[in-house]
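Asks: The structure under discussion is supplied below as structure tokens; questions concerning it will follow.
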Amino acid sequence: MIIHSVHKKRQLFKIPNIGKLKFWLDVRTAPTLTLSPSGVRQGPASGAGAFVCPFRPSPDVAYEIRQEQASLYVHALFGLTCKDVTLLSCLTAPTALNFFRVIETRWEAMCCDIERGNICKCPGLQDDVRLKLQKHLTADAERAGELRSIFKEGFHNIGPRTWPCLSVLHTASSGAYIPVVDIGQSYEMVITNWSGLYRYRTGDIIRVTSFTGQAPSYALQQRTGDGYDKYPEFLFTEAVLKASRTWTSGTMFNYMAVGNFIVEELTGEISTTAHVYVFIELLGDGALTDREKRVIDESLQETQDRYKRCRSSGSYAPAVVVQVRPGTLEEVKKIYMKLNPDLYTEQFKYPKFIKHKDVVACLLSRRVKSTS
């Protein structure tokens, strides 16, 4: 069905290369399945219905890996061995982003693996699975050298530079939309589909930005109820991103925020004025300066008048920005996965506002000292 669907879209949109005999890189992490009391297998429908095409670089055993980082590494490794990839398929857009981040951070190890035909012991990859995968990996020093030259030039437009025939990124970036909407207004998405969801409230808030014909274009704003006091998530994120673009110490990987009351319950340090803690993880080992951290509070004031009034009146104290060590948010993800064992790893979204003390404790324990 998916082959037919992609072929139909190729005909409609005249996408080049898809009709030629090329490879499709299908990136999937195996879901964890359980049994109901009556013995029926149960798990995420999106994982059970994963499309595994017959003309793909990754071997079958790659689709048995349940640890996300190991899965992404393996799919990236085998995908990089093959130059003639024309379609990259991921279940969700965050998975696609994580896929490219794994390549960006671990390309040197991947090039060594391709050059030697030997898979390194990457975290989360079981030895027995690694040995099975190695049977499908052939040493290719020429391709490894070509990839090194590409990666050393940077990662802008990395997909087409790595795979010259790459024409399509096939992924889901959001859900369905409401039929009657107005530009500039915000809505919660409600879905009814053939898979059995009937008037299903997703909890995602969108803002309609424009129309193409009768189809609305929209930006995902936040989850229902997410925000700091009266500060909605999408504006909070906009402010943090705006501040991060001024930094020279490093590039932000992601952030999470929490009100001071949860932090103070854990630390025992009581303050008299409300404020927000913003936890930042950077890509790489850079350290934010005190000045760069202060820019976040300034940006929050610029994007939300009420926050600015509260800061001016003294009702809010300045935001406390805490940088955490690389890999911290991966540990946070593990905590959330334990809190909800039925959660499929490829559907996980980092909540911007924290409500669990265990998560805050993890973040506080992995702080990085700031520079002046």
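Asks: Could you pull out the residue among THR202, THR138, THR171 that is polar (S, T, N, Q), within 23 Å of PRO44 (Cβ to Cβ) and in contact with a helix residue (DSSP H, G or I) (Cβ under 9 Å, 6 or more places away or on another chain)?
Replies: THR171
Asks: Restricting to the range 124-135, name every residue that is assigned to a helix (DSSP H, G or I) and either within 13 Å of TYR73 (Cα to Cα) or open to solvent by less than 60 Å² (accessible area, probe 1.4 Å) (or both).
Replies: Scanning the range 124-135 gives VAL129, ARG130, LEU133, GLN134.
Asks: With respect to ILE103, is the statement that it is of a type in the set (Val, Ile, Thr) and touching a Leu at 6+ places or on another chain (Cβ under 6 Å) true?
Replies: Judged against the criteria, ILE103 is not a match.
Asks: With the structure loaded, tell me whether ALA243 is among the small types (Gly, Ala, Ser), open to solvent by less than 40 Å² (accessible area, probe 1.4 Å), outside any strand (DSSP E or B) and closer than 17 Å to LYS352 by Cα or whether it fails that test.
Replies: For ALA243, the condition - among the small types (Gly, Ala, Ser), open to solvent by less than 40 Å² (accessible area, probe 1.4 Å), outside any strand (DSSP E or B) and closer than 17 Å to LYS352 by Cα - is met.
Asks: What is the one condition in (1) part of a helix (DSSP H, G or I); (2) farther than 26 Å from ASP204 by Cβ; (3) open to solvent by 60 Å² or more (accessible area, probe 1.4 Å) that PRO326 does not satisfy?
Replies: Among (1) part of a helix (DSSP H, G or I); (2) farther than 26 Å from ASP204 by Cβ; (3) open to solvent by 60 Å² or more (accessible area, probe 1.4 Å), the lone unmet condition for PRO326 is (1).
Asks: Does LEU266 fit the bill of being over 25 Å from ARG245 (Cβ atoms) and either without any contact (Cβ under 8 Å) to a residue 24 or more places away in the chain or open to solvent by less than 70 Å² (accessible area, probe 1.4 Å) (or both)?
Replies: No, not satisfied.
Asks: Looking at the range 333-350, is at least one residue open to solvent by 70 Å² or more (accessible area, probe 1.4 Å) and among the aliphatic types (A, V, I, L, M)?
Replies: Yes, because at least one residue in the range 333-350 is open to solvent by 70 Å² or more (accessible area, probe 1.4 Å) and among the aliphatic types (A, V, I, L, M).
Asks: When you go through THR162, THR171 one by one, which is the residue that is touching a residue at least 40 places away in the same chain (Cβ under 8 Å) and closer than 25 Å to SER217 by Cβ?
Replies: It is THR171.
Asks: Something else: Only one of these conditions is not met by LYS121: (1) at pLDDT 90 or above; (2) basic (Lys, Arg); (3) in a loop (DSSP other than H, G, I, E, B). Which number is it?
Replies: (1)
So that you can scan it fast, the table gives a plain yes or no per residue for (1) touching a Leu at 6+ places or on another chain (Cβ under 8 Å); (2) closer than 24 Å to THR251 by Cα; (3) touching a residue at least 12 places away in the same chain (Cβ under 8 Å); (4) not aromatic (Phe, Trp, Tyr):
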{"site": "ASP305", "(1), (2), (3), (4)": "no, no, no, yes"}
{"site": "PRO318", "(1), (2), (3), (4)": "no, yes, yes, yes"}
{"site": "VAL322", "(1), (2), (3), (4)": "yes, yes, yes, yes"}
{"site": "ILE335", "(1), (2), (3), (4)": "no, no, yes, yes"}
{"site": "LYS338", "(1), (2), (3), (4)": "no, no, no, yes"}
{"site": "THR345", "(1), (2), (3), (4)": "no, no, yes, yes"}
{"site": "PHE348", "(1), (2), (3), (4)": "no, yes, yes, no"}
{"site": "LYS352", "(1), (2), (3), (4)": "no, yes, yes, yes"}
{"site": "LEU364", "(1), (2), (3), (4)": "yes, yes, yes, yes"}
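Asks: Here is a follow-up. With respect to THR303, determine if the residue is modelled with pLDDT under 95, in contact with a strand residue (DSSP E or B) (Cβ under 7 Å, 6 or more places away or on another chain) and among the hydroxyl-bearing types (Ser, Thr, Tyr).
Replies: no
Asks: For the range 190-202, indicate whether the set of residues that are in contact with an Asp or Glu (Cβ under 9 Å, 6 or more places away or on another chain), part of a strand (DSSP E or B), at pLDDT below 75 and open to solvent by 30 Å² or more (accessible area, probe 1.4 Å) is non-empty.
Replies: no
Every residue, every condition in (1) open to solvent by 30 Å² or more (accessible area, probe 1.4 Å); (2) part of a loop (DSSP other than H, G, I, E, B); (3) among the charged types (D, E, K, R), yes or no:
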position	(1), (2), (3)
VAL74	no, no, no
LEU77	no, no, no
LYS83	yes, yes, yes
LEU87	no, no, no
ILE114	no, no, no
ARG143	no, no, yes
GLY154	no, yes, no
PRO160	yes, no, no
LEU169	yes, no, no
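Asks: Within the range 204-238, which residues are under 30 Å from VAL320 (Cα atoms) and modelled with pLDDT of 75 or more?
Replies: ASP204, ILE205, ILE206, ARG207, ALA219, LEU235, PHE236, THR237, GLU238, listed by residue number.
Asks: I've got another one for you. Going by the structure shown, is ILE296 of a type in the set (Val, Ile, Thr) and assigned to a helix (DSSP H, G or I)?
Replies: yes
Asks: Failed condition for SER365, given (1) farther than 21 Å from GLU265 by Cα; (2) exposed (fewer than 13 other Cβ atoms within 10 Å of the Cβ), with all others met?
Replies: (1)
The values are calculated or read from the model by the stated rules, or taken from the named source; none is laboratory data. Remember, it's a predicted structure, so these values are computed and weren't measured experimentally. Positions of Cβ are backbone-derived with ideal geometry, glycine not excepted, and every protein chain shown enters the neighbour counts. Heads up: the accessible areas ignore ligands, DNA and RNA and are worked out on the full protein's heavy atoms, side chains in. Shrake-Rupley method; radii C 1.70, N 1.55, O 1.52, S 1.80 Å.
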